[in-house]
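The block underneath contains the structure these notes are about, expressed in structure tokens.
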Ligand SMILES: *Cc1c(COP(=O)(O)O)cnc(C)c1O
């Protein structure tokens with residue numbers, strides 16, 4: 001495949017945009033090579049500036065659950081734009097999408113819309129701190145909650161009491177209020193809570209992790225967190241920015257039957273426009289301005305184009321009773337096909353899968369947390385990534401990302417993908 005135009009565009013972009021990209025994951029730093037510039041997309045396919053077609057397993061990093069340029073979303077946005085693109089005044093549309101979201105998601109009374117997943121998580125911990133009048137939060141190594149300061153803390157070796165900033169610009173003062181735990185390690189969480197008695201406002205977690213590959217919670221883990229929170233007056237925050245409206249129409253709360261105190265959304269909820277949201281029961285949400293003292297705001301929050309796109313998306317998901325099953329069946333089919341192809345060629349691997357999320361790790365042992373995810377062979381991943389790209393299959397340019405399965409994928413697309421893996425596996 002030729003990427004002449006992409007290469008030229010990247011050269012130009014680098015002169016005026018840091019690294020040539022507006023979000024680092026788009027650069028190919030982890031795998032080498034030049035990012036591909038998208039020109040258009042439809043259904044399961046994305047087309048680049050050189051005219052190449054790819055079967056897309058990134059899908060804008062999650063939002064395109066029903067495929068690119070999904071007609072109801074496109075029509076809703078186009079129609080809405082003609083009536084004005086922003087007012088800074090409330091609109092009927094915002095109540096409509098709020099009502100629908102609340103009817104789909106268990107255990108929430110009110111929802112506030114923002115512009116990104118980052119904003120949703122950032123606001124959720126402010127609300128939790130305001131509500132509990134405590135400062136500290138517990139997050140898990142390898143979980144991503146957007147790029148606000150409190151969350152840019154990576155794991156030290158083993159369980160550390162105080163996080164160290166992994167990005168310059170995050171102050172020690174901020175970092176010390178973020179405690180790190182190991183995913184799927186309930187004892188570790190108990191120790192942290194014990195060591196910080198009455199100081200922890202919230203435990204925030206991706207209830208199915210998707211930002212270190214796909215890592216489902218082990219049996220009893222989420223139940224354990226719920227119990228710890230209940231005993232210690234801590235709020236449990238489910239960051240469902242990736243899993244919300246994807247793993248079930250009510251997200252992981254519905255899938256696993258566990259209630260969170262605050263839930264964060266993004267990605268699918270905006271249907272491809274910039275939307276995030278956070279939601280909770282009245283008792284907690286009523287602490288938010290203008291009802292309560294916890295301040296949170298946004299000039300473009302609840303933007304009519306974004307709300308129109310989100311509403312069309314949620315309506316389509318809500319109306320389609322077979323959707324989640326179809327997605328799971330497709331993902332399972334892909335899983336089996338990839339596993340067969342890799343096994344036939346003796347390629348060491350572990351595949352994690354739940355619903356429409358799947359990740360291929362070139363690791364021997366089970367991948368259950370950040371350390372085991374980091375054990376994967378990155379050289380093999382690089383070869384795999386570039387091999388797939390060459391075969392017209394676009395997966396995320398990092399071994400730490402989930403593949404997002406869209407309902408627009410046909411079994412023929414899946415077979416094409418599996419054939420590509422068979423071809424590449426020979427040289428891994
Ligand atoms: C993508 C993501 C975010 C951040 O959302 P943005 O819209 O990129 O700010 C937060 N949490 C999780 C779990 C995510 O996957």
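Of note:
- All positions within the stretch 258-281 that are within 25 Å of residue 316 (Cβ to Cβ) and surrounded by fewer than 24 Cβ atoms within 10 Å (Cβ to Cβ): 273, 274
- Selection from the stretch 358-396 of residues that are assigned to a helix (DSSP H, G or I) and over 21 Å from the mean Cα position of the chain (by Cα): 378, 379, 380, 382, 383, 384, 386, 387, 388, 389, 390
- Cβ-Cβ distances below 7 Å connect the following pairs, each with a first residue in the stretch 116-129 that is without any contact (Cβ under 8 Å) to a residue 60 or more places away in the chain, a second residue that is near the ligand (Cβ under 6 Å from one of its atoms) and outside any helix (DSSP H, G or I), and a separation of six or more residues or different chains: 122/146.
- Some residue of the stretch 352-360 being surrounded by 19 or more Cβ atoms within 10 Å (Cβ to Cβ), outside the structural domain of residue 102 (by TED's automatic domain parsing) and within 24 Å of residue 114 (Cβ to Cβ): yes
- Hey, residue 192 more than 26 Å from residue 285 (Cβ to Cβ), away from the ligand (no atom under 14 Å from the Cβ) and either touching a strand residue (DSSP E or B) at 6+ places or on another chain (Cβ under 7 Å) or touching a residue at least 60 places away in the same chain (Cβ under 8 Å) (or both) or not: yes
- So residue 62, is it touching a strand residue (DSSP E or B) at 6+ places or on another chain (Cβ under 8 Å) and within 30 Å of residue 297 (Cα to Cα): yes
- Residue 28 meets all of the listed conditions (1) over 27 Å from residue 421 (Cβ atoms); (2) surrounded by 14 or more Cβ atoms within 10 Å (Cβ to Cβ) but one, namely (1).
- Those residues of the stretch 196-222 which are outside any loop (DSSP other than H, G, I, E, B) and within 14 Å of the ligand (Cβ to nearest atom), in sequence order: 204, 205, 209, 215
- Only residues that are within 16 Å of the ligand (Cβ to nearest atom), without any contact (Cβ under 8 Å) to a residue 40 or more places away in the chain and either out of contact with any helix residue (DSSP H, G or I) (no Cβ under 6 Å at 6 or more places or on another chain) or not in a loop (DSSP other than H, G, I, E, B) (or both) were counted across the stretch 226-252, and they come to 2.
- Residue pairs whose Cβ atoms lie under 7 Å apart, sitting 6 or more positions apart in sequence or on different chains, and linking a residue in the stretch 253-269 that is under 17 Å from residue 324 (Cβ atoms) and in contact (Cβ under 8 Å) with a residue 24 or more places away in the chain to a partner that is more than 16 Å from the ligand (Cβ to nearest atom) and part of a loop (DSSP other than H, G, I, E, B), are 253/106; 253/107; 253/259; 254/106.
- All conditions in (1) part of a loop (DSSP other than H, G, I, E, B); (2) in the same structural domain as residue 208 (by TED's automatic domain parsing) hold for residue 312, with the sole exception of (1).
- Residues considered: 407, 365, 369. Of these, the only one that is touching a residue at least 12 places away in the same chain (Cβ under 8 Å), surrounded by 21 or more Cβ atoms within 10 Å (Cβ to Cβ) and more than 25 Å from residue 68 (Cα to Cα) is 369.
- Pairs meeting the criteria (first residue in the stretch 270-288 and more than 19 Å from residue 145 (Cβ to Cβ), second residue within 11 Å of the ligand (Cβ to nearest atom), beta carbons under 7 Å, at least 6 apart or on different chains) are 271/63; 272/60; 272/63.
The values are calculated or read from the model by the stated rules, or taken from the named source; none is laboratory data. This one's a predicted model, so the numbers in the text were calculated from it and none came from an experiment. Note that we place each Cβ from the backbone using ideal geometry, even for glycine, and neighbour counts take in every protein chain shown.
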